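Novice: Sharing a structure here in structure tokens format.
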Amino acid sequence: FGDFAPHVFEFLSGCDLGGFNVLRFDIPFLQNEMTREGIPLELNDFRIVDVQVIFHKKEPRDLSAALRYYCNKDHTGAHDALSDVRATAEILDAQLGKYDDLSPDLEQLHKYCNTQDARWVTQDRKFFWRNNQAVISFGKHKGKSLQWLAEHQADYLAWMSDSDFPPETRELIRNALNGIFPQKPEDED
């Protein structure tokens, strides 16, 4: 990327940027890579249109919007704990009536709400499976196995274990530093 970074900077100079979720993903990703190459991109140099922001502002995805959508009611007691609980229960009941593929069984609902993409070791997608080994998905050691990192870059993993990563990821790293590596689960049917 270092060879192309100056060309990317020149290409983007004077441009406006747009896309879906660009403010939370694409632009920060590009900024990190450009900064790593010593060519920082400043957001105030661009006019940016993020279609996802427009979508979220125009079609809010909060409890009041869900009550309106599923139950055709206004949430007059918004942010009152008891009113919010009642609205949530009413929405769940309406969802169970609307979607034939949703089971009222608690275990089934739990599985539906907590599915994890089998390609990823952790829900934050910091590690993925490759050849049945956990591999880091970002940063200067991107593509290296967790075991390789524990053996050759323990300081990097120690830094990660003390950083602001989710508890699941920090536990995975602490285990690796102690020689305990995750095993890829068997595919479930």
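The values are calculated or read from the model by the stated rules, or taken from the named source; none is laboratory data. Remember, it's a predicted structure, so these values are computed and weren't measured experimentally. Cβ sites come from the backbone with ideal geometry, for glycine too, and all protein chains shown count toward neighbours. With ligands, DNA and RNA removed, areas are computed over all heavy atoms of the protein, side chains included. Shrake-Rupley method; radii C 1.70, N 1.55, O 1.52, S 1.80 Å.
Novice: Being within 26 Å of Asp124 (Cα to Cα), open to solvent by 80 Å² or more (accessible area, probe 1.4 Å) and in a helix (DSSP H, G or I) is the filter here, so list the residues in the stretch 1-34 that pass it. Talk me through it step by step, then tell me what you get.
Specialist: Residues of the stretch 1-34 that are within 26 Å of Asp124 (Cα to Cα), as a first pass: 1, 18-34.
Still in the running and open to solvent by 80 Å² or more (accessible area, probe 1.4 Å): 1, 20, 24-25, 29, 32.
Result: Arg24, Phe25, Phe29, Asn32.
Novice: Go through the residues of the stretch 147-164 one by one and say whether even a single one is open to solvent by less than 80 Å² (accessible area, probe 1.4 Å) and touching a Phe, Trp or Tyr at 6+ places or on another chain (Cβ under 7 Å). Write out each step before concluding.
Specialist: Of the residues in the stretch 147-164, the ones open to solvent by less than 80 Å² (accessible area, probe 1.4 Å) are 147-150, 153-154, 156-158, 160-161, 163.
From the residues that got through so far, the ones that are touching a Phe, Trp or Tyr at 6+ places or on another chain (Cβ under 7 Å) too are 147, 149.
Yes - at least one qualifying residue is present in the stretch 147-164.
Novice: Look through the stretch 56-72, keep the residues that are in contact (Cβ under 8 Å) with a residue 12 or more places away in the chain and not small (Gly, Ala, Ser), and return whichever of them is nearest to Phe20 (Cα to Cα). Can you show your working first?
Specialist: Step one: of the stretch 56-72, the residues in contact (Cβ under 8 Å) with a residue 12 or more places away in the chain are 63-64, 66-67, 70-71.
Checking which are not small (Gly, Ala, Ser) leaves us with 63, 67, 70-71.
Values: Leu63: 23, Leu67: 26, Tyr70: 26, Cys71: 29 Å.
Out of the qualifying residues, it is Leu63.
Novice: Inspect the stretch 51-59 for any residue being on the phi < 0 side of the Ramachandran plot, at pLDDT below 90 and not in a helix (DSSP H, G or I) and give the result as yes or no. Full working, then the answer.
Specialist: Filtering the stretch 51-59 for residues on the phi < 0 side of the Ramachandran plot gives 51-59.
Adding the requirement that they be at pLDDT below 90 leaves 51-59.
The next check asks that each one be not in a helix (DSSP H, G or I); those that pass are 59.
Yes, some residue in the stretch 51-59 is on the phi < 0 side of the Ramachandran plot, at pLDDT below 90 and not in a helix (DSSP H, G or I).
Novice: Now for a different question. Looking only at the stretch 86-141, count every residue that is charged (D, E, K, R), in contact (Cβ under 8 Å) with a residue 12 or more places away in the chain and surrounded by 12 or more Cβ atoms within 10 Å (Cβ to Cβ) and tell me the total.
Specialist: Summing the residues that are charged (D, E, K, R), in contact (Cβ under 8 Å) with a residue 12 or more places away in the chain and surrounded by 12 or more Cβ atoms within 10 Å (Cβ to Cβ) in the stretch 86-141 gives 5.
Novice: Testing Leu172 on (1) in contact (Cβ under 8 Å) with a residue 40 or more places away in the chain; (2) surrounded by fewer than 17 Cβ atoms within 10 Å (Cβ to Cβ), one condition comes back false. Which one is that?
Specialist: The one condition Leu172 does not meet is (2).
Novice: Let me ask you something else. Yes or no: the stretch 131-146 includes at least one residue that is within 22 Å of Met160 (Cα to Cα) and in a helix (DSSP H, G or I).
Specialist: Within the stretch 131-146, one or more residues are within 22 Å of Met160 (Cα to Cα) and in a helix (DSSP H, G or I).
Novice: Here's something else I'd like to know. When residues of the stretch 116-132 are filtered for being of a type in the set (D, E, K, R) and out of contact with any helix residue (DSSP H, G or I) (no Cβ under 6 Å at 6 or more places or on another chain), how many remain?
Specialist: Just the residues of the stretch 116-132 that are of a type in the set (D, E, K, R), to begin with: 117, 119, 124-126, 130.
Filter once more, keeping what is out of contact with any helix residue (DSSP H, G or I) (no Cβ under 6 Å at 6 or more places or on another chain): 117, 119, 125, 130.
Qualifying residue count, the stretch 116-132: 4.
Novice: While we're on this one: Do you know which residues across the stretch 175-187 are in a loop (DSSP other than H, G, I, E, B), under 15 Å from Val121 (Cα atoms) and open to solvent by 50 Å² or more (accessible area, probe 1.4 Å)? I'd like the intermediate steps shown before the answer.
Specialist: From the stretch 175-187, those in a loop (DSSP other than H, G, I, E, B) are 178-187; that's our starting set.
Okay, now just the ones that are also under 15 Å from Val121 (Cα atoms), so 180-187.
If the condition is that a residue be in a loop (DSSP other than H, G, I, E, B), under 15 Å from Val121 (Cα atoms) and open to solvent by 50 Å² or more (accessible area, probe 1.4 Å), then Ile180, Phe181, Gln183, Lys184, Pro185, Glu186, Asp187 are the ones that fit.
Novice: When only residues in the stretch 35-81 that are aliphatic (A, V, I, L, M) and touching a strand residue (DSSP E or B) at 6+ places or on another chain (Cβ under 6 Å) count, which is least open to solvent (accessible area, probe 1.4 Å)?
Specialist: Here is the first cut: in the stretch 35-81, the residues aliphatic (A, V, I, L, M) are 39, 41, 43, 48-49, 51, 53-54, 63, 65-67, 78, 81.
With the extra rule that they be touching a strand residue (DSSP E or B) at 6+ places or on another chain (Cβ under 6 Å), the set shrinks to 48-49.
Details: Ile48: 49, Val49: 82 Å².
By that ranking, first place goes to Ile48.
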